[in-house]
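One structure is given below, encoded as structure tokens.
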Amino acid sequence: MIDSPAGPTDTEVAEAAALAGAEIVRARYGRRHSRIDKGAGDFATDVDVAAEEAILDVIRGARPADAVHGEEGGRRGAVDAVREWLVDPLCGTLNYATGSHLVAVNVALRDGPAAVADPFSGEVFLTDGVTAWVRCDADADGDTQGQTGVRDRRVADGHASGPVARRRPVGEERLAPTADTRLVDVNLDPPFPGAPAFRAVDLLAHPGFAEHFRPRVVSTTLALAWVAAGRRAAYVTDGGDLSGSVHFAAGITLCRAAGCVVTGVDGGPVGPDGRGLVVAADAETHGLLLSLIRGRGRSA
């Protein structure tokens, strides 16, 4: 992909880097992993570090003048670099360490293209900053179904696990957000800088939430890609400015390009003065969630 005579586009670099990280994550799944303590119950594993190095190798090879800010290694590259890549090599480390497939590999060029790879479904969600699409790799686990053009992988509730629900087609399709599922992912992981003014658990306890939505908690920003793809109605998390976060930047860029409504939990813009994140498939869903957050939701 990155050996074309004209050179790779930034979107191609983001995709190749995310897939390189995803290959490490998938190949080492189920093994015993060493842990690197980060404090407050959080940790990284040797897989996080290896996946980040694989991603950096791709970016360095294609964009040697760019800086890279990785979750595990911090900022690397020229101090005066004009461009910076934001890398989260394994979003959902705690899930992964306990044997869950609910993880993502996030790669984003600041103010540019982004890629979110799901190591276990073979999907990579992409945006060039203007449009957004998903591509499914038939060779992600070497498991295809002859000439039918579909992966022989069970998919349930937007992810490759659990009971048979539907099969993801091999190929590429434009992302189309929709709130039809009424499923809303709410991030309950600490810290909670918005408390007591905003607490995600209070949103879940609001009677209007159960009237209109059904909660999900996956503890990975893969859920943002699912909003862009129409598999979730919305995503809500506490926090400060998440626009430059290695965890959230790729998902935010993807959702904006797909046409989602993206703001902070206060309805303000996501940015230096932002507070958390509310990403919804449409304006109606976004407005209803904000009304619930502000305590003015409709109840039965």
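The values are calculated or read from the model by the stated rules, or taken from the named source; none is laboratory data. Keep in mind that this is a model prediction, so the values were computed, not measured. Cβ sites come from the backbone with ideal geometry, for glycine too, and all protein chains shown count toward neighbours. Remember, those area values only see protein heavy atoms, side chains included, never the ligands or the DNA or RNA. Shrake-Rupley method; radii C 1.70, N 1.55, O 1.52, S 1.80 Å.
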In segment 275-290, how many residues are of a type in the set (A, V, I, L, M, F, W, C) and not in a helix (DSSP H, G or I)? 5
Note: among 157, 137, just one is open to solvent by 10 Å² or more (accessible area, probe 1.4 Å) and modelled with pLDDT of 50 or more, namely 137
Taking interchain pairs and intrachain pairs at least six residues apart, which have beta carbon atoms under 8 angstrom, with the first residue in segment 194-211 and open to solvent by less than 70 Å² (accessible area, probe 1.4 Å) and the second aromatic (Phe, Trp, Tyr) and at pLDDT 90 or above? 203/209
Test result for residue 285, of a type in the set (Ser, Thr, Tyr), in contact with a strand residue (DSSP E or B) (Cβ under 6 Å, 6 or more places away or on another chain) and over 21 Å from residue 193 (Cα atoms): yes
Selection from segment 58-83 of residues that are within 17 Å of residue 106 (Cβ to Cβ) and acidic (Asp, Glu): 66, 71, 72
Just to be sure before I move on: is residue 174 of a type in the set (Lys, Arg), open to solvent by less than 40 Å² (accessible area, probe 1.4 Å) and touching a residue at least 12 places away in the same chain (Cβ under 8 Å) in the structure I sent? no
Which of (1) open to solvent by 10 Å² or more (accessible area, probe 1.4 Å); (2) in contact (Cβ under 8 Å) with a residue 40 or more places away in the chain; (3) among the polar types (S, T, N, Q) does residue 220 not meet, given it meets every other one? (1)
Assess whether residue 245 counts as being outside any loop (DSSP other than H, G, I, E, B) and of a type outside the set (Lys, Arg). no
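Conditions (1) under 14 Å from the mean Cα position of the chain (by Cα); (2) of a type in the set (Ser, Thr, Tyr), marked per residue:
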{"position": "217", "(1), (2)": "yes, no"}
{"position": "226", "(1), (2)": "yes, no"}
{"position": "234", "(1), (2)": "yes, no"}
{"position": "244", "(1), (2)": "yes, no"}
{"position": "247", "(1), (2)": "yes, no"}
{"position": "253", "(1), (2)": "yes, yes"}
{"position": "266", "(1), (2)": "no, no"}
Does residue 20 satisfy being in a strand (DSSP E or B), closer than 19 Å to residue 222 by Cα and small (Gly, Ala, Ser)? no
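Being over 22 Å from residue 117 (Cα atoms), small (Gly, Ala, Ser) and modelled with pLDDT under 95 is true for just one of 287, 267, 194. Which residue is that?
194
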Residues of segment 275-284 classified as over 16 Å from residue 239 (Cβ atoms) and buried (at least 24 other Cβ atoms within 10 Å of the Cβ), total: 2
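Results for (1) among the hydroxyl-bearing types (Ser, Thr, Tyr); (2) at pLDDT 85 or above; (3) in contact with an Asp or Glu (Cβ under 6 Å, 6 or more places away or on another chain); (4) open to solvent by less than 20 Å² (accessible area, probe 1.4 Å), shown as yes or no for each residue.
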position	(1), (2), (3), (4)
39	no, no, no, no
45	yes, yes, no, yes
53	no, yes, no, no
61	no, yes, no, no
64	no, yes, no, no
71	no, yes, yes, no
Residues that are touching a Gly at 6+ places or on another chain (Cβ under 8 Å): which strands (runs of 3 or more DSSP E) entirely in segment 168-229 hold 3 or more of them? none
Anything in segment 50-92 that is touching a strand residue (DSSP E or B) at 6+ places or on another chain (Cβ under 6 Å), of a type in the set (A, V, I, L, M, F, W, C) and closer than 24 Å to residue 118 by Cα? List them, or say none. 51, 55, 56, 59, 68, 85, 86, 87, 91
Select from segment 1-37 the residues that are open to solvent by 30 Å² or more (accessible area, probe 1.4 Å) and polar (S, T, N, Q) and list them in ascending order. 4, 9, 34
Residue among 110, 76 that alone is in contact (Cβ under 8 Å) with a residue 60 or more places away in the chain, open to solvent by 40 Å² or more (accessible area, probe 1.4 Å) and of a type in the set (Lys, Arg): 110
Quick one: count up the residues across segment 247-274 that are open to solvent by 30 Å² or more (accessible area, probe 1.4 Å), at negative phi and in contact with a Pro (Cβ under 8 Å, 6 or more places away or on another chain). 1
